Amino acid sequence: MILLTGATGLTGAHVAKALAEKDVPLRVLVRDPAKAQALADLGIELAQGDLSDADSIKRALEGIDKAFLLMANVEEQLECEKRFIDCAKAAGV
């Protein structure tokens with residue numbers, strides 16, 4: 001299963017839909033599940049969390065083989081990306 005971040009953005013939504021169309025097992029990490037309802041309607045699993053919260057990242061990574069880290073350019077980007085990568089590495093992803 002693949003974990004995708006940034007799935008409610010323009011690029012992430014296209015990636016999520018393309019993977020869903022190919023029946024690739026997919027989970028998306030989203031802050032607000034209501035904003036990702038269209039993805040859930042496609043059969044994509046939603047994991048609620050935030051890249052600033054290591055515990056939510058760890059929960060989202062459970063059972064994941066691969067990850068696609070995509071996020072907007074924000075002031076905390078380096079810290080968030082490093083946190084995600086550290087969690088993924090610890091999870092064997």
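Observations
- In this structure, Asn73 and His14 have a Cβ-Cβ separation that, at R0 = 25 Å, corresponds to a calculated FRET efficiency of about 0.85.
- Cα gyration tensor category, rounded, prolate or oblate, for the range 1-65 with a/c compared to 1.5: oblate
- For the chain, the longest principal axis of the alpha carbon atoms and the long axis of helix 10-21 meet at an angle near 50°.
- The chain, relative contact order in percent, only Cα pairs under 8 angstrom and at least six apart counted: 31 percent
- Summing +1 for each Lys or Arg and -1 for each Asp or Glu among the other residues whose beta-carbon sits under 15 angstrom from that of Leu39 gives 0.
- Remark: the chain carries 62 Å² of accessible area per residue (probe radius 1.4 Å; ligands, DNA and RNA excluded).
- Close amide-amide hydrogen proximity is noted between Ala67 and Leu3, each under 5 Å apart and 5 or more residues distant or on a separate chain (H modeled in the peptide plane; Pro and chain starts excluded).
- Sites excluded, GluC sites (Glu not before Pro) in DSSP loops with at most 13 other C-beta within 10 Å, longest stretch of the chain: 1-61
- Computed in the context of the full set of protein chains, the accessible area of the chain at 1.4 Å probe radius has 51% of its extent on carbon or sulfur.
- Low-density loop positions, trypsin sites (Lys or Arg not before Pro), the range 1-91 - DSSP coil, at most 10 other Cβ in 10 Å: Lys22
- With R₀ fixed at 25 Å, the C-beta to C-beta distance from Asp55 to Asp32 puts the FRET efficiency at about 0.90.
The values are calculated or read from the model by the stated rules, or taken from the named source; none is laboratory data. Quick caveat: nothing in here was measured; it's all calculated off a predicted structure. Neighbour counts are summed over all protein chains in view; Cβ atoms, including those assigned to glycine, are modelled from backbone coordinates with ideal geometry. To get the accessible areas, we keep the full protein, side chains included, count just its heavy atoms, and leave off ligands, DNA and RNA. Shrake-Rupley method; radii C 1.70, N 1.55, O 1.52, S 1.80 Å.
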